[in-house]
1. Criterion first (touching a Ser or Thr at 6+ places or on another chain (Cβ under 7 Å), in contact (Cβ under 8 Å) with a residue 40 or more places away in the chain and not aliphatic (A, V, I, L, M)) does GLY150 satisfy it?
2. Take GLY301 and decide whether it is away from ligand 2 (no atom under 16 Å from the Cβ), on the phi > 0 side of the Ramachandran plot and not basic (Lys, Arg).
3. In the list VAL316, VAL312, VAL322, VAL326, which residue meets the criterion of being touching a strand residue (DSSP E or B) at 6+ places or on another chain (Cβ under 9 Å), within 16 Å of ligand 2 (Cβ to nearest atom) and within 19 Å of LEU258 (Cα to Cα)?
4. Return yes when GLY156 is loosely packed, with under 15 Cβ neighbours inside 10 Å, out of contact with any Phe, Trp or Tyr (no Cβ under 8 Å at 6 or more places or on another chain) and in contact (Cβ under 8 Å) with a residue 24 or more places away in the chain and no when it is not.
5. Checking the conditions here, which among THR338, THR317 is hydroxyl-bearing (Ser, Thr, Tyr) and over 14 Å from the mean Cα position of the chain (by Cα)?
6. In region 302-355, how many are within 16 Å of ligand 1 (Cβ to nearest atom) and not small (Gly, Ala, Ser)?
7. Restricting to region 235-283, give me the number of residues that are within 29 Å of the chain's Cα centre (by Cα), under 23 Å from PHE212 (Cβ atoms) and within 16 Å of ligand 2 (Cβ to nearest atom).
Amino acid sequence: MAQLSDDCFAFGGPMMSVDEAVGLITARVSAIADLETVALVDADGRVLARDIAAPLPLPPFTNSAVDGYAVGDAELPREAEQSFPLDGRIQAGGLAAPIKPGHTARIFTGAPMPPGAGTVFMQEDVRIDGAGKIVLPPGLKPGANVRPAGEDIPVGHIALRAGQRLRPQHVALAAAFGLVRLDVVRRIRVAVFSTGDELASPGEPRAASQLFDSNRFMLMAMLRRLGCEVSDLGILRDERASLADGLKRVAGHHDLILTTGGVSTGEEDHVKAAVESVGSLVLWRMAIKPGRPVAMGVIDGTPLIGLPGNPVASFVTFVHVVRPTVLALAGSLPEPLTPIPLRAAFAYKKKEGRREYVRASLRRGDDGALEAVKFPREGAGLLSSLVETDGLVELGESITRVEPGQSVGFLSYADLI
Ligand code: AMP
Ligand code: MG
């Protein structure tokens with residue numbers, strides 16, 4: 001089960017950039033080797049376990065791209081229009097008899113090209129003369145409006161790679177190859193705990209000084225979107241021994257343990273001590289805001305990630321630490337996040353050397369260009385700031401200020417998870 005080497009302290013260092021952290025994780029986590037076979041209809045979101053070479057060309061046979069009339073290439077009208085007697089009618093799914101020289105055949109989109117024909121005239125471009133002959137205009141290039149066999153994908157081409165996280169278009173390709181089942185990596189098993197005496201689970205009584213645990217449900221939803229099998233392990237209290245017990249119990253049965261809260265350096269932050277008593281741990285002071293410390297550890301060979309408790313910090317660090325870890329465990333090809341440039345509609349100052357994520361909504365400026373509008377408040381505990389915005393503006397380490405009108409990189413929530 002050892003997905004993360006025990007020399008976890010090699011992760012250490014006083015302050016780590018986001019890129020360094022992600023690089024270290026992905027270098028040290030090794031992929032789960034267990035496979036399973038799923039039906040094509042259940043393959044969306046799963047990670048493909050083997051390369052797939054095209055078992056047939058796509059399209060499988062040369063066919064017409066339009067509704068129209070097929071002719072032999074040698075007979076294409078060059079200078080002036082020319083009329084052709086009609087010979088044959090080929091529908092999609094039909095069989096094509098060879099075309100007679102000097103004739104044209106009626107053909108429909110997706111129908112196989114008749115032997116002898118190389119070009120199709122769109123029906124909009126032809127007319128029928130008084131004698132019922134088809135009049136074809138000059139100037140069409142040989143091969144026009146024809147889809148040759150294999151023009152999309154030639155037979156034998158590696159069309160899908162092992163490690164591909166399957167999206168609907170990949171499922172479509174597998175279906176086009178006639179496959180009914182795919183070998184995928186088994187789901188990554190993740191144990192999720194919240195920590196904190198101040199938390200109550202929704203559905204349970206809440207004392208006056210408690211709030212309902214929201215992070216656990218957010219994190220479980222994010223993990224499921226990454227294709228994980230999630231064990232909901234509830235809330236651990238702020239007490240070293242019970243935290244240690246809880247963590248020790250699940251290690252070995254999971255590929256990853258995820259906790260939220262209790263990783264700051266306050267007296268009531270017990271996750272660090274608990275992990276150290278049953279495994280090894282290092283606190284990463286990641287140069288990211290919102291974020292603060294993230295804990296990385298190993299218990300009985302199972303990696304542990306401890307996220308901060310503030311909901312927005314938890315969300316942002318999930319994206320940057322947990323997401324790449326889960327992808328690496330699943331042997332997924334890297335899926336780097338690419339911020340899309342757009343215009344800032346806000347001013348902002350930040351510290352150099354730290355990466356910051358500003359919650360922002362999208363709107364159209366007066367000139368129609370997309371602009372990012374900053375959420376008016378900054379607290380890392382404000383769930384409304386995640387709910388009422390569209391994504392995160394990424395401000396790199398070297399940036400110290402943003403002026404309205406400046407170009408900034410935007411990551412949509414839809415792309416993050
Ligand atoms: P901590 O990281 O444990 O110091 O918590 C930081 C802040 O986040 C505190 O205000 C906590 O009450 C809050 N918090 C911690 N865990 C959760 C959670 N699971 N759901 C919502 N808020 C939380
Ligand atoms: Mg706490």
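1. no
2. Yes: the conditions hold for GLY301.
3. None of the other options fit; the residue is VAL312.
4. It is true that GLY156 is loosely packed, with under 15 Cβ neighbours inside 10 Å, out of contact with any Phe, Trp or Tyr (no Cβ under 8 Å at 6 or more places or on another chain) and in contact (Cβ under 8 Å) with a residue 24 or more places away in the chain.
5. Numbers: THR338 fails: over 14 Å from the mean Cα position of the chain (by Cα).
Of the residues listed, the single one that is hydroxyl-bearing (Ser, Thr, Tyr) and over 14 Å from the mean Cα position of the chain (by Cα) is THR317.
6. The total comes to 13.
7. Final tally of qualifying residues: 5.
Let's see how each residue does on (1) part of a strand (DSSP E or B); (2) touching a residue at least 40 places away in the same chain (Cβ under 8 Å); (3) in contact with a helix residue (DSSP H, G or I) (Cβ under 9 Å, 6 or more places away or on another chain):
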position	(1), (2), (3)
HIS170	no, yes, no
ALA175	no, yes, yes
ASP183	yes, yes, no
ARG187	no, yes, no
VAL192	yes, yes, yes
GLY203	no, no, no
ARG216	no, yes, no
MET220	no, no, no
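The values are calculated or read from the model by the stated rules, or taken from the named source; none is laboratory data. Please read all numbers here as calculations on a predicted model, not as lab measurements. We place every Cβ from the backbone using ideal geometry, glycine too, and count neighbours over all the protein chains shown.
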